[in-house]
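This report concerns only the one structure given below.
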Amino acid sequence: MRIVLVSPLPPSRDGIAAYTAGVAAAYRAAGHEVTFVTPEGTPPAAGTDPAPASFGRNPALAGELAARIAAGQPALVHVQHAIATYGTGIPALFALVRAVSRHGIPVVITHHEVTRDTAKLRLPGRQYYQAISELATAVHVHTAAAAARLRQCHVPGERIIVHPHPIFPAPAPAASPALAAQIRCGLGPGIEHLIGMIGYLQRDKGYLQAIAALARALERRPALRAGTRLVLAGEVRPRPAGFGRFEQADRQYADAVRTQVSRLGLADVVLWRGHVPDEEFTAWFQALDLLLLPYTAAEESGIAAHAIATGTPLLASGAGGLGELFGGTAIALPSIEQEPFASTLLRVLASPDAHRTAACHVYDQVRRDRDPAGLVAALTAAASPAGGPAGGPPPRTPERTGQATG
């Protein structure tokens with residue numbers, strides 16, 4: 001089957017780019033041919049063969065590109081979608097999806113941030129998601145909560161494929177233990193417990209809660225302070241033109257985090273390390289003893305998926321997709337309130353080997369449940385004759401245990 005993926009690609013600093021690389025590898029492993037269409041202005045994809053086509057911000061040019069796509073006779077066009085990913089290129093993306101659909105080519109759109117986008121943009125966001133989803137043969141989301149939000153946007157449940165975020169193998173070349181050790185040594189001597197939060201610094205990722213819990217844990221066990229560090233490895237997410245107010249809100253949140261670190265007297269414990277280069281990304285996970293994901297809201301988490309791929313022990317809240325992934329397991333936080341969060345931290349720091357073993361057991365099960373081959377099968381089924389083009393009979397939603405398909 002010939003498949004066209006519409007998405008940014010690595011080295012773009014966007015989790016969707018890394019996701020697309022994993023999806024492409026999974027399609028190819030299943031014997032499918034993959035080509036790409038990328039947004040104009042994103043970094044050129046490294047090692048992509050054939051070189052991807054691109055689209056700019058002019059919706060009037062969408063018809064020409066759609067005709068070129070149609071000439072290749074793809075069986076499926078798979079669009080990776082989030083508003084922040086395309087910014088002011090959204091009208092051109094919308095026009096491209098509409099033009100491709102008019103050629104009778106099946107289109108599946110994976111919505112990565114439907115709950116976040118609609119929460120921020122409210123009615124206009126819901127109207128937009130309804131409109132772009134109507135152009136597709138099917139839409140794919142990773143969580144039951146995202147599917148429920150799409151139904152609130154008047155997207156028919158029978159058009160929604162709910163399939164969880166797959167666990168892709170850690171990207172090659174894998175980081176060497178030497179690089180992980182070098183990163184760890186660079187953070188200072190005498191670190192016994194290296195805790196980390198990796199990725200874009202956003203207000204819904206629970207930084208304030210994590211720092212408050214760590215402060216309380218060190219207050220209860222002062223002896224831990226000398227050998228414990230929390231490293232914040234990431235930066236505020238750069239937003240495209242037109243979305244500056246969201247970036248500004250995250251910068252204000254980052255300032256609040258710095259203020260809290262100072263107020264709680266943790267300047268020697270909390271370390272800031274800014275942007276993590278792609279070539280060091282996996283090594284940062286390998287350097288950690290514990291990764292924290294105390295998110296207050298989440299649709300999915302590429303950081304959690306990468307932790308599973310690298311075997312990095314974590315503690316996660318029950319927000320959104322994290323709850324669907326880890327709820328009820330030994331690595332789920334019972335609460336992100338200060339006292340229970342601190343108690344959980346103290347338990348893990350007292351028995352790190354036991355927590356690592358528990359995490360490995362959870363990860364083994366998750367890898368079995370979230371094999372990328374399952375996602376490929378679900379999405380290529382939408383391109384079958386039973387699915388039909390947009391506007392025709394909706395595709396059959398895969399039945400999977402524990403999935404809400406509406």
(request) With an 8 Å cut-off on Cα pairs and a minimum separation of 6 or more residues, tell me the relative contact order of the chain in percent. (result) 19
(request) List every residue whose amide H lies under 5 Å from the amide H of Val79, counting only residues 5 or more places away in sequence or on a different chain, with H placed 1.01 Å from N in the peptide plane. (result) Val6, Val108, Ile109, Thr110
(message) Report the gain in length on full extension from Asp364 to Ala377: 0.36 nm times residue separation, minus Cα-Cα distance, nm rounded to one decimal.
(response) 2.6 nm
(message) Along the Cα→Cβ direction, 7 angstrom out, place labels at Arg263 and Ala53. What is the inter-label distance in nm?
(response) 5.3
(request) Determine the dipole magnitude for the chain: charges of +1 sit on the beta-carbon of Lys and Arg, -1 on that of Asp and Glu, nothing else is charged, the reference point is the Cα centre, and the result goes in debye to the nearest 20. (result) 600
(request) Evaluate E = 1/(1 + (r/R0)^6) for Glu219 and Ala330, where r is the Cβ-Cβ distance and R0 equals 30 Å; express this FRET efficiency to the nearest 0.05. (result) 0.75
(message) Can you tell me how segment 141-234 classifies by the Cα gyration tensor, rounded, prolate or oblate, using a/c under 1.5 as the rounded cut?
(response) oblate
(message) For the chain, what does the helix formula give at 222 nm: sum of -39500 (n - 2.57) over DSSP H segments with n ≥ 4, over the residue count, nearest 500 deg cm²/dmol?
(response) -14000 deg cm²/dmol
(request) Work from the charge dipole of the chain (Cβ charges, +1 for Lys and Arg, -1 for Asp and Glu, about the Cα centre) and give the residue of Ala342, Ser7, Trp284 farthest towards its positive end. (result) Ala342
(request) Could you point to the label whose value was computed as Rg and Dmax of the Cα atoms in Å for the structure here, given [x] 22.6, 68; [y] 21.7, 61; [z] 21.5, 67? (result) [z]
(message) Rounding to the nearest 10 and keeping the result within 0 to 90°, find how far the Cα-based axis of helix 90-102 lies from the longest principal axis of the chain.
(response) 40
(request) Per residue of segment 338-355, in order, report the coupling 6.51 cos²θ - 1.76 cosθ + 1.60 (Karplus, θ = phi - 60°) as ³J(HN,Hα) in whole Hz, putting x for Gly and Pro. (result) 4, 5, x, 5, 4, 4, 5, 4, 4, 4, 5, 5, 6, 9, x, 5, 5, 5
(message) Per residue of segment 358-371, what does 6.51 cos²θ - 1.76 cosθ + 1.60 with θ = phi - 60° give for ³J(HN,Hα)? Whole Hz please, x for Gly and Pro, Karplus curve as stated.
(response) 4, 4, 4, 5, 4, 5, 4, 5, 4, 4, 5, 6, 10, 5
(request) Express the accessible area of the chain per residue in Å², computed with a 1.4 Å probe while the remaining protein chains stay in the model. (result) 41
(request) Give a residue-ordered list of calculated ³J(HN,Hα) values for segment 290-302 (Karplus: 6.51 cos²θ - 1.76 cosθ + 1.60, θ = phi - 60°; whole Hz; x for Gly, Pro). (result) 7, 9, 9, 10, x, 4, 8, 7, 7, 9, 8, 8, x
(message) Under the 0.36 nm per residue contour assumption, what length would be gained going from the current alpha-carbon distance of Ala354 and Ala29 to full extension?
(response) 113.5 nm
(request) Can you list which of the trypsin sites (Lys or Arg not before Pro) found in segment 69-119 are DSSP loop residues with at most 12 other C-beta atoms within 10 Å? (result) none
(message) Among Leu96, Tyr128, Thr143, which residue has its Cα furthest toward the positive end of the charge dipole of segment 78-156, with +1 on Lys/Arg Cβ and -1 on Asp/Glu Cβ?
(response) Tyr128
(request) Search the structure for amide H atoms under 5 Å from the amide H of Leu291, placed 1.01 Å from N in the peptide plane, and list their residues when 5 or more places away or on another chain. (result) Gly196, Leu314, Leu315
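The values are calculated or read from the model by the stated rules, or taken from the named source; none is laboratory data. These numbers come from a predicted model, not from an experiment. Because the Cβ atoms are built from the backbone with ideal geometry, glycine has one as well, and the counts that use them run over all protein chains shown. Keep in mind that these areas ignore ligands, DNA and RNA; they rest on the heavy atoms of the full protein, side chains included. Shrake-Rupley method; radii C 1.70, N 1.55, O 1.52, S 1.80 Å.
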